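Enquirer: Would you mind keeping the following structure in view while I ask a few things?
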Amino acid sequence: MAPRLLLALALWAGYSPCSGREVPTQPRVWCWAFRYPIAVDCFWTLLPAANSTRPTSFIATYRLGVAAHGESQPCLQQTPEATSCTIPDVQMFSMVPYMLNITAVHPWGISSSFVPFFPEHIIKPDPPEGVRLSPLHGRRLWVQWEPPRSWPFPEIFSLKYWIRYKRHGATRFHQVGPIEATSFTLRAVRPQARYCIQVAARDLTDYGVSSDWSLPATASVTLGQ
């Protein structure tokens, strides 16, 4: 599922249409569960107001369920001006969505965005780490990697992986997967060729979306016959 606003409601307070000032823009908000089930991390952007030198601060809160009478909790920010926050202690497999409220406090008013989400729908692991290559006999290449360090319980919430690779100078990648281990042997690779290899991860049960591709393998391996 792409990071999109499932629902966004804009509220403006303290704004007069006769004031000649701009209507405050609403924050554009998205969330990802990089660290499922420990936390959900949310981010937002806001177009800067013209002719304003005062910083905009934000109030970030969330509740479980869309009902207005639900109890709101703070989404944890480092500073009031920060454009990100963290929802800790995620409730797994809730039957009702979380509702995030980001309110931007402008010099002349406020604007808010409300975004609902289910944590399982926004799972997106960080890319795998430590991709390394080892040449083997018989035109084979052994690829190894580690789960992302931000993924808290890989032995419980397992990941599956994809590898993409191409020879130096080639225009297209080949892809293999899913792989339910942290190593894989590529076969029938060309002798005396240099390969670029990356790995991506996804929740084993297909919740959410795949990670971005890892950094390419740091060592270029030239294979012998």
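Enquirer: If I ask for residues that are under 21 Å from the mean Cα position of the chain (by Cα) and farther than 17 Å from TRP142 by Cβ, which ones from segment 164-179 would you list?
Expert: PRO178
Enquirer: With (1) closer than 27 Å to ALA33 by Cα; (2) open to solvent by less than 40 Å² (accessible area, probe 1.4 Å); (3) touching a residue at least 24 places away in the same chain (Cβ under 8 Å) as the list, and VAL96 as the residue in question, which single condition is left unmet?
Expert: Status for VAL96: all satisfied but (2).
Enquirer: Filtering segment 177-198 down to residues that are surrounded by fewer than 17 Cβ atoms within 10 Å (Cβ to Cβ) and among the polar types (S, T, N, Q), which residue is modelled with the lowest pLDDT?
Expert: GLN192
Enquirer: Follow-up. Taking segment 117-176, which residues are open to solvent by less than 50 Å² (accessible area, probe 1.4 Å) and on the phi > 0 side of the Ramachandran plot?
Expert: Residue satisfying the conditions is GLY130 alone.
Enquirer: With the condition kept exactly as written, say whether any residue in segment 52-64 is in a loop (DSSP other than H, G, I, E, B), at pLDDT 75 or above and aliphatic (A, V, I, L, M).
Expert: no
Enquirer: What's the number of the only condition in (1) within 30 Å of LEU204 (Cβ to Cβ); (2) within 21 Å of the chain's Cα centre (by Cα) that GLY65 fails to meet?
Expert: (2)
Enquirer: Still on this structure, I have one more. Can you tell me how many residues within segment 207-225 are modelled with pLDDT under 95 and assigned to a loop (DSSP other than H, G, I, E, B)? Break it down stepwise before answering.
Expert: Our first condition is that a residue be modelled with pLDDT under 95; within segment 207-225, this holds for 215-225.
So of that shortlist, the ones also assigned to a loop (DSSP other than H, G, I, E, B) come out as 215-221, 223-225.
So the answer is 10.
The values are calculated or read from the model by the stated rules, or taken from the named source; none is laboratory data. Bear in mind the structure is a predicted one, so any value in this text is a computation, not a measurement. In this analysis, Cβ positions are derived from the backbone assuming ideal geometry, glycine residues included, and neighbour counts consider all displayed protein chains. Please note that ligands, DNA and RNA were not included when accessible areas were found on the heavy atoms of the full protein model with its side chains. Shrake-Rupley method; radii C 1.70, N 1.55, O 1.52, S 1.80 Å.
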